[in-house]
1. Do we have any residue at all in the stretch 371-388 that's modelled with pLDDT under 75, of a type in the set (S, T, N, Q) and in the same structural domain as ALA298 (by TED's automatic domain parsing)?
2. Determine whether SER293 is at negative phi, touching a Ser or Thr at 6+ places or on another chain (Cβ under 9 Å), surrounded by 15 or more Cβ atoms within 10 Å (Cβ to Cβ) and part of a strand (DSSP E or B).
3. When both residues are 6+ apart or on different chains and their Cβ atoms are under 7 Å apart, which pairs have a first residue that lies in the stretch 91-108 and is surrounded by fewer than 13 Cβ atoms within 10 Å (Cβ to Cβ), and a second that is of a type in the set (A, V, I, L, M, F, W, C) and in a loop (DSSP other than H, G, I, E, B)?
4. Quick check: is even one residue across the stretch 74-87 touching a Lys or Arg at 6+ places or on another chain (Cβ under 8 Å), within 13 Å of ARG54 (Cβ to Cβ) and of a type in the set (S, T, N, Q)?
5. Of the numbered conditions (1) free of Cβ contacts under 8 Å to residues at least 60 places away in the same chain; (2) touching a strand residue (DSSP E or B) at 6+ places or on another chain (Cβ under 6 Å), TYR71 satisfies every one except a single condition; which is it?
6. May I ask you to say which residue of THR145, THR158 is surrounded by fewer than 19 Cβ atoms within 10 Å (Cβ to Cβ) and modelled with pLDDT under 75?
7. Within the stretch 15-29, track down each residue that is among the β-branched types (Val, Ile, Thr) and touching a strand residue (DSSP E or B) at 6+ places or on another chain (Cβ under 8 Å).
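The values are calculated or read from the model by the stated rules, or taken from the named source; none is laboratory data. The model shown is predicted, which means the values in this text are computed figures rather than measured ones. FYI the Cβ positions are ideal-geometry reconstructions off the backbone, even for glycines, and counts take in every protein chain you see.
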Amino acid sequence: MATVRDGTQMRIIIDGYIAVSVNNSAITNINNSTSLRIGSSSCNGFVGQLDETRLWSSARSQCNIYNNRLYEYSATPTALLLNCHYNQGVANATNTSVTTLTDFSDYNYIGTLIGFNLSGTTSNWVDDGCNAQGNTSAPAIGTTTATGCNNYTWNGTTYTSSGMYTSTFNAANGCDSISTLDLIIGKPVSGGNDTGCLGTILKPKATTLINPVQDQSNVTYNAIANGSSPWQSFTPGINGTIRYFEAEIRTPLSGMAATVFVELYEGQGTGGTLLGTSTVKTISSTSTYAFESFDFSAQGIYLESGQLYTARLVTSSFNQAWFRLSTTNPYPNGLLNNNASQDLKFKTTMCEIKWYTAATGGTLVPNPSTASLGSTTFYAEAYDGISCYSNRTPVTLTIEAPLVGSNTSAAAVCSGGSVILTGTGAHSYT
């Protein structure tokens, strides 16, 4: 069952077919502080079973509703404000500890169960009624972008290579829909051998596309900051390549959109080396804060755990975007440039990379480097933070001998400078 409001037109759709359609212009604003109830009114409860509750910010077509009535949404479209699968608890068992309903939309609402017995065959969690479950099997009409480790199962088919795949869902009344999967099968770091001086930290030269891991997540707030280029420093908790930087943003000026991108620097503040610049996003004029994601996934920027980095949000003009601030300063050495006692409300996701001393087994090396001259091979392994590991890839770090200037005393040189130097052994440098 679905109810749709499209302008003044209101429809009730049952099993994909329009049961009632009326024109109603009496209600123009439904904003209120009343809690949303699912399966109850103030005095009566629903007699039946519930599955797949969705709330949209835009009107769904009859075809869209029909084609998706038996499926979960594996992706989360922007307009999907609430997405509850009810895949919780153990069917008809004792579930007295499972008292909340999970929302899989980007808004992460929490539904509180009221008046349920949570045991037995009634007033309890039951078997799922959907034909497809979970992130790897549920089709989403339109295009779904996904990554997998070695393989990925979608709509009952397992894929082992990257590519664009389509599936057609047949429906009545000529309402067939095509779902497209844009799939990248995650592979380990490849190549990327490095050379340097003593103390050089090995960094991969390419990113891995395994499912990213959330690293930083600031979830408390009570303030806002405006400005054209606020920056936020942070310390990663894992080694890996950064995929996304997300920050809560809205545009305060009516009718104006803000163009925003993120610059990533080494160290605290923007005086360090610029590591990369994200894709550009246009934030539409809105009074609602939302996490906006800035993509670094194609750049392979390696961040080292325990080191300090800074993300600067650059907007199209001063005072054209507002950024949500936290109540405190929770990150070590994390400072916002115009308010040192608070942080931006932000998240980062990383492709976590673990380093080992052997192709199998071996010792985990937090930050691979060598303390002596010569070459050492380490093995890079990507990890999705849950259960998925890529195959290990060998990456060799070569430590060069200190260089000797032709007309100077001996000196160790790592980079820069204009003197012509001749190295010991067979190497020459300029």
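1. Taking every residue of the stretch 371-388 in turn, at least one turns out to be modelled with pLDDT under 75, of a type in the set (S, T, N, Q) and in the same structural domain as ALA298 (by TED's automatic domain parsing).
2. So SER293 fits the description; yes.
3. ALA91/TRP125; ALA91/VAL126; THR96/LEU118; THR100/LEU113
4. Checked the stretch 74-87: at least one residue is touching a Lys or Arg at 6+ places or on another chain (Cβ under 8 Å), within 13 Å of ARG54 (Cβ to Cβ) and of a type in the set (S, T, N, Q).
5. If we test TYR71 against (1) free of Cβ contacts under 8 Å to residues at least 60 places away in the same chain; (2) touching a strand residue (DSSP E or B) at 6+ places or on another chain (Cβ under 6 Å), just (1) comes out false.
6. Every option except THR145 fails the conditions.
7. ILE18, VAL20, VAL22
Here is a yes/no grid of residues against (1) on the phi < 0 side of the Ramachandran plot; (2) of a type in the set (S, T, N, Q); (3) in a loop (DSSP other than H, G, I, E, B); (4) at pLDDT below 85:
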| site | (1), (2), (3), (4) |
| --- | --- |
| ARG5 | yes, no, no, no |
| MET10 | yes, no, no, no |
| ILE13 | yes, no, no, no |
| SER21 | yes, yes, no, no |
| THR28 | yes, yes, yes, yes |
| ILE38 | yes, no, yes, no |
| SER42 | yes, yes, yes, yes |
| GLN49 | yes, yes, yes, no |
